[in-house]
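**Student:** Dropping the structure in here first, questions after.
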Amino acid sequence: MSIQITFPDGNQKSYEQPPTGLEIAQGISPGLAKKAAVVRVNGELWDLSRPIDRDARFEIVTRDKPEALEVIRHDAAHVLAQAVQELYPGTQITFGPATDTGFYYDFARAEPFTEADLEKIEARMRDIVKRDLPIVRQVWPHDQAVQFFENAGEKFKAEWIREGIKADEDLTIYRQGDRWLDMCLGPHLPSTGKLGTAFKLTKVGGAYWRGDAANAQLQRIYGIAFATEQELKDHLRMLEEAEKRDHRKIGPQLDLFHQQEEAVGSVFWHAKGYTLWRTVENYIRRRLEPAGYLEVKTPQLIDRVLWEKTGHWQNYRQNMFIAESEDRVLAVKPMNCPGHVQIYKQGIKSYRDLPLRMAEFGACHRNEPSGALHGLMRVRAFTQDDAHIFCTEEQINGETVDFCKLLVSVYRDFGFEEVRVKFSDRPPQRAGSDAVWDKAEGALKAAIEAAGLPYTMNPGEGAFYGPKLEFVLRDAIGRDWQCGTLQVDFVLPESLEAEYVAEDNSRKRPVMLHRAVLGSLERFIGILIEQHAGAFPLWLAPVQAVVAPIVSDADSYAQDVAAVFAAAGLRTETDLRNEKINYKIREHSVHKIPAIAVVGRREAEERTVTLRRLGSERQETLPLAEAAQRLAQEARPPA
């Protein structure tokens, strides 16, 4: 029986024996075979060496494709695991996936890994690549796999197979050379030599077996990997730049905020940082009012009964903080949506009242694992620029289009020109029937297409109550940040019995659109700090101008200048210290002050100021009123 292969261009070819992907590629072109990483068979990625035993749609995936990069990174994780076990016998392996920029692997070892160990491990990885060991896919019965890993002392692998794979199911094993193997779904490259050397180990961290703090603690080794050496070099340069821009360093240096152990996952905002916060918050508030949003405020503590009705207790309980009072169990709200439904339900709503747009700068708390916390980017206590739109099904398109226009405009005002959209569909753990999810996903797809924004699929990453759009912005050094979201929810209005009176006097459920532009204000401010490396545009800068006298005789005039600047709406400070002017300028430049107004005897006599801008050696002497007017114009917030 022949095997019929259909190529992307529609051409077909028959094979008398099941061909491998590599054989097909070689038959097309030896050069193409050399570039091939894996193949796609009926939409699924396969190893080049795996025989194709059925009629199939076939495509060669070359090394420069995104799908191949994920395979390269997964191979790097396996080579890392082999290197560790060769260098440190007795170390147990667990799992190691590819990540957005590289890979990691979790190990069980009594002794901690050190930075010196990373150098040795990376050198051994390069040796394994040089050996060009063949990578061979095998299929083992369940019991054979359990027995092998138990005999090898790999208790974590054996446990996973016993508890996570049915006894009558086979599993795939990938063998690298004669001595090392790992359980894996694949696919992988044909040999370790195909990995190349564009990888680097970066750090050691901690993890728990199966992500549960009650289980054994593991050591996680992280690395980065790319298809080419140039891509690796470019990424390392980006990491160097990111290190300079790290908000966890710049924030305290600029006296914006700090964090400490007594309030893990929370932020102490200093006066300058809170000025920045309020500037961002007030900007969003100004954009919401003309868009028809009504601002509300909901409680922090809500009885578990309500969270049970919404499905959060069943689907999100592990992320919620709990409090008890007078035999009642309360949850600190992790999100604002149930509270907004309670406001919506006060009084009878008509179809004429819809869409109803309800906004809140809601303070939320989520019990994030301590190992996942990261400065402002991942916290336990945060505020969202949250809103919920209650509307009819027919209004979903129009509301989505309006929201997308608002979001893109806001991002541009903050200096982000490039925005991408991901469509996240139903997750494995969810509320609502498949029919409801079909309707929600169909409505959201139609809406984003009506908005005219291209999108890519992000399978299985929707919220438990509905599909969502994730808006990803790109920063000044090329990193992507997911910030805004829009979710279509048919589930929550049903579970909380929200309704409106339709035109025919029947009672109907509204659709609930969950949306945020910035997302967490803490996280967005962290992104802003790194985007601008602390040198904010004038409208965002916590201190917009400093008036610095050259001599003490000009102190009185400096205070007059500061008063004029303040009257013009500028956030202004004076520096009357008995220090040389060059010292003052250097210090205020380090603190990223956008404008320094230098004044001396001449400026005092002529009622002028000499302006110096951050990052420029040039200076300009202007009449005081003109300087104040010009700076105030530049400092005017967008919109």
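What follows draws every value from the coordinates through simple rules; no lab data is involved. All of these numbers come straight from a predicted model, not from anything done at the bench. Every residue, glycine among them, receives a Cβ derived from its backbone with ideal geometry; neighbour counts consider all protein chains shown.
**Student:** Using the Cα atoms as the points, what is the convex hull volume per residue of the chain in Å³?
**Tutor:** Here the figure is 226 Å³ per residue.
**Student:** Still on this structure: How far apart, in nm, are two points set 7 Å out from the Cα along the Cα-to-Cβ line at R420 and at S506?
**Tutor:** Using points 7 Å along Cα→Cβ, the separation is 4.3 nm.
**Student:** Here's something else I'd like to know. How large, in Å, is region 545-634 by the Kirkwood hydrodynamic radius built from its alpha-carbon pairs?
**Tutor:** Numbers: mean 1/r = 0.0792 Å⁻¹.
That comes to 12.6 Å for region 545-634.
**Student:** In whole Å, what are the extents of region 409-510 along the principal axes defined by its C-alpha atoms, from largest to smallest?
**Tutor:** Over region 409-510, Cα extents along the principal axes are 53, 32, 22 Å.
**Student:** Alpha carbon centre of region 198-275 versus region 368-442: separation in Å?
**Tutor:** Result: 24 Å between the Cα centres.
**Student:** Something else about it: Fewest to most neighbouring Cβ within 10 Å: what's the order for L611, L301?
**Tutor:** Ordered by Cβ neighbours within 10 Å, fewest first: L301, L611.
**Student:** Taking the Cα centre of region 1-83 as origin, sum charge times position over the Cβ atoms of Lys and Arg (+1) and Asp and Glu (-1), and report the length of that vector in debye to the nearest 20.
**Tutor:** So the dipole magnitude of region 1-83 works out to roughly 180 debye.
**Student:** Answer with one residue from I121, I161, V139: the one whose Cα lies farthest towards the positive end of the charge dipole of region 118-179, charges on Cβ with Lys, Arg +1 and Asp, Glu -1.
**Tutor:** Going by the Cα projections, it comes out as I121.
**Student:** Then there's this: Please figure out what share of the DSSP beta bridges in region 476-610 is antiparallel and state it in percent, rounded to the nearest 5.
**Tutor:** Antiparallel: roughly 50 percent of the beta bridges in region 476-610.
**Student:** Here's a follow-up. Order of T574, T94, T6 from fewest to most other C-beta atoms within 10 Å? Kindly include the intermediate steps, with their values, before the conclusion.
**Tutor:** Numbers: T574 19, T94 22, T6 15.
In order of increasing Cβ crowding within 10 Å: T6, T574, T94.
**Student:** Over the Cα atoms of region 1-49, compute the convex hull volume and normalise it per residue, giving Å³.
**Tutor:** Convex hull of Cα atoms, per residue: 82 Å³.
**Student:** Using DSSP to define loop residues, name the trypsin sites (Lys or Arg not before Pro) in region 264-369 whose beta-carbon has at most 15 other beta-carbon atoms within 10 Å.
**Tutor:** Sparse-neighbourhood loop trypsin sites (Lys or Arg not before Pro): K297, K345.
**Student:** If the only charges are +1 at each Lys and Arg Cβ and -1 at each Asp and Glu Cβ, what is the size of the charge dipole of region 67-236 around the Cα centre, to the nearest 20 debye?
**Tutor:** Numbers: 20 positive and 27 negative charges, 61 e Å.
Using Cβ point charges on Lys, Arg, Asp and Glu, region 67-236 gives about 300 debye.
**Student:** Tell me, what is the FRET efficiency for V305 and N367 to the nearest 0.05, using R0 = 25 angstrom and their Cβ-Cβ distance as r? Write out the running numbers ahead of the final one.
**Tutor:** On the way: r = 20 Å, r/R0 = 0.80.
Step by step, r from the Cβ atoms, then E = 0.80.
**Student:** Counting only Cα, what are the radius of gyration and maximum Cα-Cα distance Dmax of region 257-390, in Å?
**Tutor:** 16.8, 51
**Student:** OK, next. Summing -39500 (n - 2.57) over the DSSP H runs of n ≥ 4 in the chain and dividing by its residue number, what mean residue ellipticity at 222 nm do you reach, to the nearest 500 deg cm²/dmol?
**Tutor:** That comes out to -11000 deg cm²/dmol.
**Student:** Same structure again: In Å, what Rg and Dmax follow from the Cα atoms of region 485-543?
**Tutor:** Both quantities, over Cα of region 485-543: 20.0, 57 Å.
**Student:** Using the Karplus curve 6.51 cos²θ - 1.76 cosθ + 1.60 with θ = phi - 60°, what ³J(HN,Hα) values do you get for each residue of region 363-373, in whole Hz, with x for Gly and Pro?
**Tutor:** Computed from phi, the couplings for region 363-373 are 7, 10, 9, 9, 7, 6, x, 4, x, 8, 5 Hz.
**Student:** A follow-up question, please. Ranked from highest to lowest mean number of other Cβ atoms within 10 Å per residue, what is the order of the peptides 126-132, 247-253?
**Tutor:** Ranked by mean Cβ neighbours within 10 Å, highest first: 247-253, 126-132.
**Student:** Modelled label-to-label distance, A167 and S266, 7 Å Cα→beta-carbon offset: nm?
**Tutor:** The two pseudo-label positions are separated by 5.1 nm.
**Student:** Quick one: Kirkwood hydrodynamic radius for region 252-532, alpha-carbon pairs, angstrom, one decimal?
**Tutor:** Here the Kirkwood hydrodynamic radius works out to 19.6 Å.
**Student:** When only C-alpha pairs under 8 Å and at least 6 residues apart count, what is the relative contact order of the chain, in percent?
**Tutor:** 9
**Student:** I've got another one for you. On a full-extension model of 0.36 nm per residue, what is the gain between D53 and S325, subtracting their alpha-carbon distance, rounded to one decimal in nm?
**Tutor:** Difference between extended and current length: 91.5 nm.
**Student:** In debye, nearest 20: dipole of region 477-570 around its Cα centre with unit charges on the Cβ of K, R (+) and D, E (-)?
**Tutor:** Here the size comes out at about 240 debye.
**Student:** Place a point 7 Å from Cα of S589 in the direction of its Cβ. Which residues in region 601-617 have their backbone N less than 19 Å from it?
**Tutor:** Only 610-617 pass the distance filter.
**Student:** Measuring from label point to label point, each 7 Å out along Cα→Cβ, what is the E295 to L236 span in nm?
**Tutor:** Each label point is offset 7 Å from its Cα along the Cβ direction, giving 4.9 nm.
**Student:** Can you give the Rg/Rh ratio of region 67-236, where Rg is from the C-alpha atoms and Rh is the Kirkwood radius? Could the numbers behind the result be given before it?
**Tutor:** Numbers: Rg = 15.5 Å, Rh = 16.3 Å.
Ratio of gyration radius to Kirkwood radius: 0.95.
**Student:** How about region 108-189: which GluC sites (Glu not before Pro) there lie in a loop by DSSP and see at most 11 other Cβ atoms within 10 Å?
**Tutor:** Passing sites in region 108-189 are E169.
**Student:** Which of the trypsin sites (Lys or Arg not before Pro) found in region 46-90 are loop residues per DSSP with 15 or fewer other Cβ atoms within 10 Å of their Cβ?
**Tutor:** R54
**Student:** Picking from T99, L189, A110, whose Cα lies most toward the positive end of the charge dipole for region 96-195 (charges on Cβ: Lys, Arg +1; Asp, Glu -1)?
**Tutor:** Checking the options against the dipole of region 96-195, the answer is L189.
**Student:** Hey, what do the phi angles of region 505-512 turn into as Karplus ³J(HN,Hα) couplings, whole Hz, using 6.51/-1.76/1.60 and θ = phi - 60°, x for Gly and Pro?
**Tutor:** With the stated coefficients, region 505-512 comes to 6, 7, 9, 10, 8, x, 8, 10 Hz.
**Student:** Which one of T172, Y88, A152 is farthest out on the positive end of the charge dipole of region 67-236, using unit charges on Cβ (Lys, Arg +1; Asp, Glu -1) and the Cα centre as origin?
**Tutor:** Y88
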